[in-house]
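The values are calculated or read from the model by the stated rules, or taken from the named source; none is laboratory data. Because the structure is predicted, anything quoted here is derived from the model rather than measured. Cβ atoms come from the backbone with ideal geometry, glycine included; neighbour counts cover every protein chain shown. Ligands, DNA and RNA are excluded from the accessible area calculation, which covers all protein heavy atoms including side chains. Shrake-Rupley method; radii C 1.70, N 1.55, O 1.52, S 1.80 Å.
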Amino acid sequence: MRSDAMKKGLEKAPHRSLFKAMGYTNEELALPIIGIANSANEIVPGHIHLDKICEAVKAGVRMAGGTPMEFRTIGICDGIAMNHGGMKYSLPSREVIADSVEITGKAMPFDGLVLIPNCDKVIPGMVMAAARLNIPSIVISGGPMLAGKDAEGKACDLVQSMFEGVGRVAAKKMTEKELADLEDVACPGAGSCSGMYTANSMNCLCEALGIALPGNGTIPAVFAARYRLAKHAGMRIIDLVKRNIRPRDIMTKNAFYNAFCVDMAFGGSSNTALHLPAIAKEAQVEFDLNMINEVSAKIPHICNMAPAGPYHLQDLDNAGGVMAIMKELSKKKLIKTTPITVTGKTVEDNIKAVEVKNKEVIRPLNKPWHATGGLAVLKGNLAPNGAIVKQIGVVADMLTHVGPARVFESEEEAVAAIMGNKIKKNDVIVIRYEGPKGGPGMREMLTPTSALCGLGVDKYVALITDGRFSGGTRGCAIGHVSPEAAEGGPIAIIKDGDMIQIDIPKKKLDIRLTEMEIKTRLARWKAPNAKAREGVLGRYAKLVTSASTGAVLK
């Protein structure tokens with residue numbers, strides 16, 4: 001066993017003594033040692049219950065004949081970090097989490113690894129580490145939050161009710177009292193926020209990648225089935241150890257293809273365009289951003305989840321979950337069915353007996369919500385290396401748009417203008433120096449996009465940024481513009497009034513300037529002083545790469 005390096009032989013007597021100081025017995029040390037990376041804490045609603053999930057995992061490990069050993073990682077709530085300096089630390093936390101799991105897994109040679117994430121950056125961070133370590137591993141998340149219910153019994157949630165509610169109050173479409181009432185019910189309990197936002201997108205995609213058991217992405221956090229799944233994950237890791245099935249055996253090129261297919265089918269967060277490439281890099285799988293458009297052209301959008309649609313994760317779970325989406329896609333051979341998964345079986349085996357239980361939540365392939373998938377990559381003289389838009393969240397009239405630029409050097413400046421009703425019809429809001437390096441940290445722009453939706457101007461105003469968006473964003477919101485402003489990308493030289501041309505069907509994003517004018521402005525451009533020179537953000541700004549490569553570190 002791999003763990004023999006820290007427990008077996010005469011020279012490891014001191015090591016065994018240290019284990020015994022923690023109460024471990026010789027019998028426990030003789031079994032496979034399973035590390036459990038647990039991101040439980042008391043500051044993230046999606047993680048508040050993970051101590052109980054961890055106990056269920058430990059029970060499963062013991063039932064299957066292993067010894068569990070828990071260690072902790074950090075976790076940030078993007079909702080609470082939103083719209084202030086704390087959001088600069090969210091994306092960098094992904095790398096810190098990956099590093100911390102790798103460090104622990106290398107220093108303490110476990111035989112297998114169980115990963116317990118739930119919210120945005122913890123999921124990709126842990127999976128990146130699993131790919132680096134390449135020891136038998138399995139993901140079991142904490143599960144999604146249930147949607148809330150308002151006074152009329154209608155479903156409500158964090159984004160459409162709360163973040164967009166701020167804009168509705170500013171537009172005098174809602175009173176502050178009504179918004180305060182929603183505060184008490186929009187987030188009814190533990191779990192990752194109830195729509196297909198980044199956390200739930202990634203938890204569902206762990207199923208599609210094959211690194212998590214069926215049900216991982218959709219079984220609600222408060223259901224007993226979630227704890228049963230955690231026990232099964234604990235049992236499964238022992239079989240994976242015995243069969244030496246490792247993350248890179250599972251997360252192959254075909255598995256990533258499947259993940260993007262499922263992503264397009266359920267209209268996942270635009271942040272998946274950052275996280276899947278970052279995981280692929282660690283799994284040593286070649287990735288090209290153009291793959292998104294290639295897959296999106298083939299895969300219909302068959303599952304219309306909040307924020308773009310009416311359904312929440314509990315509805316998808318009732319309809320059959322991720323496996324039911326994959327079953328529907330398999331009917332026209334739109335996914336690969338041969339990859340092995342943590343069940344020890346292939347995708348084909350996993351979906352064989354699955355049926356779609358609600359054909360409105362998961363529509364048939366011949367009756368999709370949209371003919372093409374959720375995301376699109378746009379390129380042009382404004383984004384030579386690409387930009388990302390959740391095209392299913394864009395109203396039809398804004399799929400093509402030409403308008404004058406309104407340039408802001410930070411999210412705060414833009415929010416002040418939006419809330420002050422200073423944005424005019426047809427404007428294209430440009431928020432720059434918010435990219436991975438320029439932010440630093442590539443903040444999410446949920447506050448400005450939600451304010452636009454709440455004010456009702458998303459139907460005729462676009463927003464472009466080198467930052468990123470929450471999975472809760474909808475509207476003509478184009479992010480991840482690469483190269484970013486801090487690296488001298490064309491977004492850095494836009495002026496107020498420059499005409500911006502958006503053509504999502506043709507995958508184009510351009511400034512209406514001549515090539516000579518663009519070159520002249522770029523030649524005059526000077527990089528601004530770095531916003532952070534010390535600490536985590538200072539190091540991150542020096543090492544981080546473009547959003548087009550997943551914002552991984554050099």
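Points worth noting:
- If R0 equals 41 Å, the separation of the Cβ atoms of A297 and K20 corresponds to a calculated FRET efficiency of about 0.10.
- Across the range 475-554 the C-alpha pair distances fall into 10 Å bins from zero in the proportions 15, 40, 32, 13, 0 percent.
- Accessible surface for the range 384-491, divided over its residues, is 25 Å² per residue with a 1.4 Å probe.
- Of the GluC sites (Glu not before Pro) found in the range 508-540, those in coil by DSSP whose Cβ has at most 10 other Cβ atoms within 10 Å are E534.
- Distance (nanometres) between label positions extended 7 Å along Cα→Cβ at K542 and D288: 3.5
- Too-long pairs where the Cα-Cα distance tops 27 Å, listed order kept, from K357/K507; K88/K177; K121/K437; K7/K554; K149/K172; K281/K336: K357/K507; K88/K177; K7/K554
- Between K425 and L10, the modelled label-to-label distance comes to 8.9 nm, taking each label 7 Å out from Cα in the direction of the beta carbon.
- Extension gain for K352 to A371 (0.36 nm times residue separation, less C-alpha to C-alpha distance): 4.3 nm.
- Extension gain for the segment K506 to R248, taken as residue separation times 0.36 nm less the Cα-Cα distance, is 89.3 nm to one decimal.
- Two-site label geometry, L522 and E183: point separation in nm, points 7 Å out along Cα→Cβ: 4.8
- DSSP-loop GluC sites (Glu not before Pro) across the range 197-295, with at most 12 other Cβ within 10 angstrom: E286
- R0 of 22 Å, Cβ-Cβ distance K359-V395: FRET efficiency to nearest 0.05: 0.30
- GluC sites (Glu not before Pro) restricted to DSSP loop in the range 9-53 with at most 10 other C-beta within 10 Å: E42
- Fully extended contour minus Cα-Cα distance, from R2 to E28, at 0.36 nm per residue: 7.9 nm
- Taking a point 7 Å out from the Cα of V402 in the direction of its Cβ, the residues of the range 479-501 whose backbone N falls within less than 17 Å of it are 497-501.
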